[in-house]
1. Quick check on my filter: what residues within region 1-60 are of a type in the set (Ser, Thr, Tyr), closer than 15 Å to residue 85 by Cβ and either touching a Lys or Arg at 6+ places or on another chain (Cβ under 8 Å) or touching a residue at least 60 places away in the same chain (Cβ under 8 Å) (or both)?
2. When region 8-28 is examined, which residues are found to be farther than 16 Å from residue 52 by Cβ and surrounded by 15 or more Cβ atoms within 10 Å (Cβ to Cβ)?
3. Which one is surrounded by the fewest Cβ atoms within 10 Å (Cβ to Cβ), of the residues in region 34-62 that are of a type in the set (S, T, N, Q) and part of a strand (DSSP E or B)?
4. Can you tell me which residues in region 84-115 are surrounded by fewer than 11 Cβ atoms within 10 Å (Cβ to Cβ) and modelled with pLDDT of 85 or more?
5. Looking at (1) surrounded by 11 or more Cβ atoms within 10 Å (Cβ to Cβ); (2) of a type outside the set (S, T, N, Q); (3) modelled with pLDDT under 95; (4) not in a strand (DSSP E or B), which is the one condition that is false for residue 31?
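The values are calculated or read from the model by the stated rules, or taken from the named source; none is laboratory data. These numbers come from a predicted model, not from an experiment. Cβ sites come from the backbone with ideal geometry, for glycine too, and all protein chains shown count toward neighbours.
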Amino acid sequence: MKYFFLSDGWIIGRVWELGGLWDESAWRRKPQIQQMELCIWENEEKLWLYRVEDAVLMVEVKPGENLVTTSAAKPIGQVVLKRLISADQAIDLLCSAQIRNAGLNQQLLTRDATG
């Protein structure tokens, strides 16, 4: 498996594999890309950890509709190609950053509210 971090509100666009763009008809499925329940904070920005299968080489990401419509200056063609990292690199980044577990935080908030 490979990993990458994606800013909150950004979405995944095109996906590349060894032969070029991911071809759903050749693979007979979409690429396996899963958002994990872990995120880090970097420069006051929430970055979610995603896991992808080994066949994926590169992922295109872009601002989601909610980011584009709320922005005063709408970006023109703002697209980023994400570099994929290994599990060891992801663990290093998680250990060195302020870790937030979305599920655990929600449970803690619920417990605090109920007493």
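1. 3
2. Passing the criteria: only 9.
3. 34
4. 88, 95, listed by residue number.
5. (3)
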